Amino acid sequence: MKNAQKGFAPIVFLIIIAVLAIGGGTYVYTQKKALVSVEPIDTQQIDSTTQNKSVSATSTSNDKNNTSVNIQASTTVKVVPPKPKVNPIVLSEVQLKYKIKKYFSDKITTCGPPAVYPSYQDEQLALFSTIQANTQEFQEIIKNLNLTGVTNFTNEQKLKVVAEHNSLLAISLTPTNIGYTFQTRTFTEKPGYNPIEEIVEGTISKSGSVTVTKRTDYPYGCPVCLAKGTFISTPSGFVAVENLQVGMKVWTINNQGEKIEVKIAKIGKTPVPDTHYVTHLKLKDGRELVVSPNHPTIDGKKIGTLVSGDVIDSSEIISTSLERYTSAYTYDILPEGNTGAYWADGILIGSTLK
């Protein structure tokens, strides 16, 4: 019995070991399985995710492209369209001259006989119709004289228009690519002193902007001398006034009215503005003389005051006219002696240099 029990015990022991072995293996397998177990992958989800990423990338790319397009579109939209082209202000020459007059406070020197001289009033009044025919200038003049609307002008108003016209002539304009250059004579008044004159040069734009580029003192006043080419009587014959020199001999008269030969004591040569006018005298005996209106006669009268019917050097004047002077200088001489008289184009006159 005891032997039977001894034989049974090892068998039981083996069965227990076997059971433990099988159970442990199952446990290890289960744990390993748990460790390496991975949830099944949903390929459709992966494809969808990938596709979404692709779409997202594409979308991002498209967004960038759209951004670029939008920026371009925005740039195009935001660009301020160019303003309509505005034509620059372009003034007429008459308007530009008034700009210059205003710049110098209307202190423009005008040489020539004033309209009050009886011999020139008729000519000045006749000139009114010529000025009136130039519509552009005439309208500017009457506007500046506050005569707009006047239809029947009095002689006084006509003379004012002519005087204004003459003041505009005292300003010379030369066209350039950007406007004009100008030259005129101005004066500055100082109490107790004679007016100080200058020749002023500068530029003016087409819109009327004035720039002074040069000022030159002008101590000569208005020219009162002979025209270039006037012949002076000398013992050697007739000599053009511009060719005479100090020390050369000319004919004059003494206090007794006798014709005598003397030397030239002084020579005068005066610069002339573009606006200078001279008087053209015609005598009944055929003699003629072109001279500045303020030049003196032998008895001290101004030639510009003479009228038809007056007598000069023993001959009657048949006409006087005012002409634009085109040379650069006027000329005069002073003979030695007490009278200062000499013959110019055969007419006995006085000297401005005495």
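Quick notes on this one:
- Meets criteria (open to solvent by less than 40 Å² (accessible area, probe 1.4 Å), within 20 Å of T110 (Cβ to Cβ), among the aliphatic types (A, V, I, L, M) and in a strand (DSSP E or B)) for V200: yes
- In region 287-313, the residues that are on the phi > 0 side of the Ramachandran plot and exposed (fewer than 15 other Cβ atoms within 10 Å of the Cβ): G300, G309
- Test: residue in region 289-307 that is of a type in the set (A, V, I, L, M), more than 25 Å from V262 (Cβ to Cβ) and touching a residue at least 60 places away in the same chain (Cβ under 8 Å): yes
- Matching residues in region 107-137 - criterion: being under 29 Å from N177 (Cβ atoms), open to solvent by 90 Å² or more (accessible area, probe 1.4 Å) and at pLDDT below 90: none
- Exclusive hit being at pLDDT 95 or above, over 20 Å from V246 (Cα atoms) and not charged (D, E, K, R), set L283, L322, L334: L283
- Just one of the listed residues (I333, I317) is on the phi < 0 side of the Ramachandran plot and free of Cβ contacts under 8 Å to residues at least 40 places away in the same chain, and it is I317.
- Filter result for E189 (within 20 Å of P223 (Cβ to Cβ) and at pLDDT below 90): no
- From the list T216, T211, the lone residue that is hydroxyl-bearing (S, T, Y), surrounded by fewer than 17 Cβ atoms within 10 Å (Cβ to Cβ), at pLDDT below 95 and not in a loop (DSSP other than H, G, I, E, B) is T216.
So that you can scan it fast, the table gives a plain yes or no per residue for (1) small (G, A, S); (2) at pLDDT below 95; (3) at negative phi; (4) open to solvent by 50 Å² or more (accessible area, probe 1.4 Å):
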{"residue": "Q139", "(1), (2), (3), (4)": "no, no, yes, yes"}
{"residue": "K143", "(1), (2), (3), (4)": "no, no, yes, yes"}
{"residue": "T151", "(1), (2), (3), (4)": "no, yes, yes, yes"}
{"residue": "K160", "(1), (2), (3), (4)": "no, yes, yes, yes"}
{"residue": "E164", "(1), (2), (3), (4)": "no, yes, yes, no"}
{"residue": "L168", "(1), (2), (3), (4)": "no, yes, yes, no"}
{"residue": "N177", "(1), (2), (3), (4)": "no, yes, yes, yes"}
{"residue": "Y180", "(1), (2), (3), (4)": "no, no, yes, no"}
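Here is a yes/no grid of residues against (1) touching a helix residue (DSSP H, G or I) at 6+ places or on another chain (Cβ under 7 Å); (2) farther than 14 Å from W343 by Cα; (3) surrounded by fewer than 16 Cβ atoms within 10 Å (Cβ to Cβ):
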| position | (1), (2), (3) |
| --- | --- |
| P235 | no, no, yes |
| A240 | no, no, yes |
| L244 | no, no, no |
| V250 | no, no, no |
| K259 | no, no, yes |
| G268 | no, yes, no |
| H276 | no, yes, no |
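- Of all residues in region 327-340, at least one satisfies being in contact with a Lys or Arg (Cβ under 9 Å, 6 or more places away or on another chain), of a type in the set (G, A, S) and buried (at least 21 other Cβ atoms within 10 Å of the Cβ).
The values are calculated or read from the model by the stated rules, or taken from the named source; none is laboratory data. Predicted, not measured: the structure shown is a model, and the values here were computed from it. We place every Cβ from the backbone using ideal geometry, glycine too, and count neighbours over all the protein chains shown. With ligands, DNA and RNA removed, areas are computed over all heavy atoms of the protein, side chains included. Shrake-Rupley method; radii C 1.70, N 1.55, O 1.52, S 1.80 Å.
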